[in-house]
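Peer 1: Sharing a structure here in C-alpha cells format.
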Amino acid sequence: MTNPTVKMTSCRPYLLKAIHEWIVANQLTPHVRVNAMVAGVKVPERYVVNGEIVLNISPMAVQDLAMEPHYLAFNARFNGIAEHVHVPMYAILAIYARENGRGMMFEPETPDEDLVDERVSDSEPKPAEVPVKRERGRTHLRVVRPDEPADDEGQT
C-alpha cells in the first residue's frame, strides 16, 4: 500500500536528462521550451515571445551545460553575445527534437518555497514585470504549408 503523505521530488530533472541524452544519441537537436515569466528564470529577454522562449541545448550550441535537480544552466551565444542562462526546473515546459518534434511536455509545477532561486531579490524586476517586445525589422523565416494561405508581410 502506498503512503500518500510521502513527499517525492520532481521527476522532471530525471526525464529531462534522459530525453536530452536520447535526442543527442539520435543525432538530433534538443530544444527546451521555457516559461520565461516565472521567478528565477534568467534568459535573454529580447528573444522571449508571448512569455516563452525556446532554447537550443545541443552540445554544439551550449557550453558548461548543467542539468541539476533544481535548475538547468549553461553558457551560449545569442546573436554573437555571450550569455549565461539559468532556468529553474519548474519553468521548463517541454523538451523535444527540433527536426521531428518528438520529446515530452511537462505538466505545470509549482515550486516549493525553498526551491525558488534565492538569487532573485525583491528589488530586482521579475520577468513578468518587464515588458517583452519582439524586435521589428528583423528578418525571419516562416513555414508555409500548401493548404495555408501565405500572408503578404515581407513577400514580393
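The values are calculated or read from the model by the stated rules, or taken from the named source; none is laboratory data. If you're wondering where the values come from, they're calculated on a predicted model, not measured in any experiment. Positions of Cβ are backbone-derived with ideal geometry, glycine not excepted, and every protein chain shown enters the neighbour counts.
Peer 1: What do you reckon, is LEU93 surrounded by 11 or more Cβ atoms within 10 Å (Cβ to Cβ), modelled with pLDDT of 95 or more and more than 15 Å from ARG46 (Cα to Cα)?
Peer 2: The answer is yes for LEU93.
Peer 1: Is it the case, given these coordinates, that LYS17 is at pLDDT 95 or above, charged (D, E, K, R) and either over 18 Å from PRO111 (Cβ atoms) or touching a Gly at 6+ places or on another chain (Cβ under 8 Å) (or both)?
Peer 2: yes
Peer 1: Another question, then. Determine whether segment 65-72 contains at least one residue that is among the charged types (D, E, K, R), out of contact with any Gly (no Cβ under 9 Å at 6 or more places or on another chain) and crowded, with 18+ Cβ neighbours inside 10 Å.
Peer 2: no
Peer 1: Sort out which residues of segment 5-44 are part of a helix (DSSP H, G or I), out of contact with any helix residue (DSSP H, G or I) (no Cβ under 6 Å at 6 or more places or on another chain) and touching a residue at least 12 places away in the same chain (Cβ under 8 Å), and write them in order of number.
Peer 2: Hits for segment 5-44 are LEU15, LEU16, LYS17, ILE19, HIS20, ILE23, VAL24.
Peer 1: Using beta carbons and a limit of 7 Å, which pairs, at least six apart or on different chains, have the first residue in segment 55-76 and over 16 Å from ALA18 (Cβ atoms) and the second one of a type in the set (Asp, Glu)?
Peer 2: PHE74/ASP64; ASN75/ASP64; ALA76/GLU83
Peer 1: Just for segment 31-54: of the residues that are under 16 Å from GLU99 (Cβ atoms) and in contact with a Lys or Arg (Cβ under 8 Å, 6 or more places away or on another chain), which one is surrounded by the most Cβ atoms within 10 Å (Cβ to Cβ)?
Peer 2: Within segment 31-54, the match that is surrounded by the most Cβ atoms within 10 Å (Cβ to Cβ) is HIS31.
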